[in-house]
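Take a look at the structure set out below.
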Amino acid sequence: MGDRTSFDLAVPKRIRERTGPSPIGSWEMLLYIMPLLPLRNDDSLAWSARLAGYIASRIASPRWQLQADSWRVASELRSEIPNSRTELAGLVARARRATPGLKALPVYLQGLHQRRYESFEEAERLARRSGNVWLQISALTWMTALDPKVRPAKRLRQLLEITGWRRLVLVPSETAADAALGMTSMGERSEAVLELALTADRPNVTTELVAKYIDDPMTPAKTRLSAVNALGRVEREIEVLSLAADGLTNKQIGEKLFLSPHTIARHVANARAKLGASNRAEAAVLLHRTAS
């Protein structure tokens with residue numbers, strides 16, 4: 001769950017077919033895949049939430065309507081739509097007397113909007129009561145990023161190890177990076193924490209984190225080896241991108257670092273992917289902003 005890859009969705013295609021599932025079956029399929037849709041860089045979350053809302057209103061199910069509206073508001077907050085604040089206030093009011101499973105996401109969205117520790121803490125408790133693992137991880141990530149504490153950091157590390165989640169749902173990459181640093185400051189040493197930092201797309205944070213892993217004698221040998229390998233990759237990517245920012249070509253960078261142009265091109269491509277840049281010039285600018 002860490003690679004930033006594009007994946008095709010079979011569910012929307014299946015729903016559009018003339019012999020597709022019933023409205024109830026479509027709603028169940030949509031809600032099942034909904035937590036994965038924020039990982040995509042398209043409007044699939046908004047489309048799915050709207051369709052789920054239409055189905056819920058047609059069958060007159062308040063519970064289903066609340067779930068669909070929760071994801072619709074999540075999509076609007078993610079896209080920074082202007083009226084999403086009003087929608088969120090109404091959603092939280094409607095969910096006030098709902099069951100823990102229905103209330104958890106609206107409370108989390110409130111914390112997401114306000115950057116409020118107590119809201120994430122309540123969302124994590126509700127998610128734990130209802131068995132919502134991905135929401136537990138996302139809430140604990142925000143808690144650890146905002147105010148690192150021993151118990152939340154330990155629970156987050158354990159959940160990351162058990163589930164394998166690395167690219168988190170409704171959690172910005174900079175928040176995931178801060179959470180990785182927070183867990184490390186609380187004494188947590190794990191490959192899962194290191195991998196979370198690597199997928200957070202902030203090379204300077206990754207460098208700081210793995211340096212702590214290498215210097216700490218309590219770090220397990222396997223984790224320290226992974227940190228050494230990660231540090232080498234990250235520092236080399238930063239070095240290559242810095243030279244590219246100075247106007248050097250791949251061939252010139254290769255001659256300077258004693259690497260082949262193909263290897264240089266791969267390092268530049270990796271750095272671009274991590275920074276979300278469309279070209280090497282934009283990647284250099286983003287790296288400078290991240291470092292500062």
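Please treat every number below as a calculation from the coordinates, not as lab data. Note that the structure is predicted; figures quoted are calculated from it, not measured. We place every Cβ from the backbone using ideal geometry, glycine too, and count neighbours over all the protein chains shown.
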- Task: Please state the charge dipole magnitude for the stretch 42-155, taken about the Cα centre, from unit charges on C-beta atoms (+1 on K and R, -1 on D and E), reported in debye and rounded to the nearest 20.
- Result: 520 debye
- Between Asp147 and Thr249, the two model label points (7 Å from Cα along the beta-carbon direction) sit apart by a distance in nm of 5.6 nm
- Residues Thr19 and Arg50, FRET efficiency given R0 of 25 Å [Cβ-Cβ distance, rounded to 0.05]: 0.65
- Message: Cross-link candidates for Lys103: which aspartates and glutamates have Cα within less than 16 Å, leaving aside residues fewer than 8 places away along the same chain?
- Response: Asp69, Glu87, Glu118, Glu121, Glu122, Glu124
- Whole-Hz ³J(HN,Hα) from phi, Karplus 6.51 cos²θ - 1.76 cosθ + 1.60, for the stretch 44-52, glycine and proline x: 5, 5, 4, 4, 5, 5, 5, 5, 4
- Checked the stretch 33-119 against the a/c 1.5 cut and the a/b vs b/c comparison, axes a ≥ b ≥ c from its Cα gyration tensor; verdict oblate
- Note on the structure: The distance between the Cα centres of the stretch 2-66 and the stretch 118-145, in whole Å, is 23 Å
- Task: Mind giving me the nanometre distance, one decimal, between the label points for Ala265 and Arg96, set 7 Å out from Cα along Cα→Cβ?
- Result: 6.1 nm
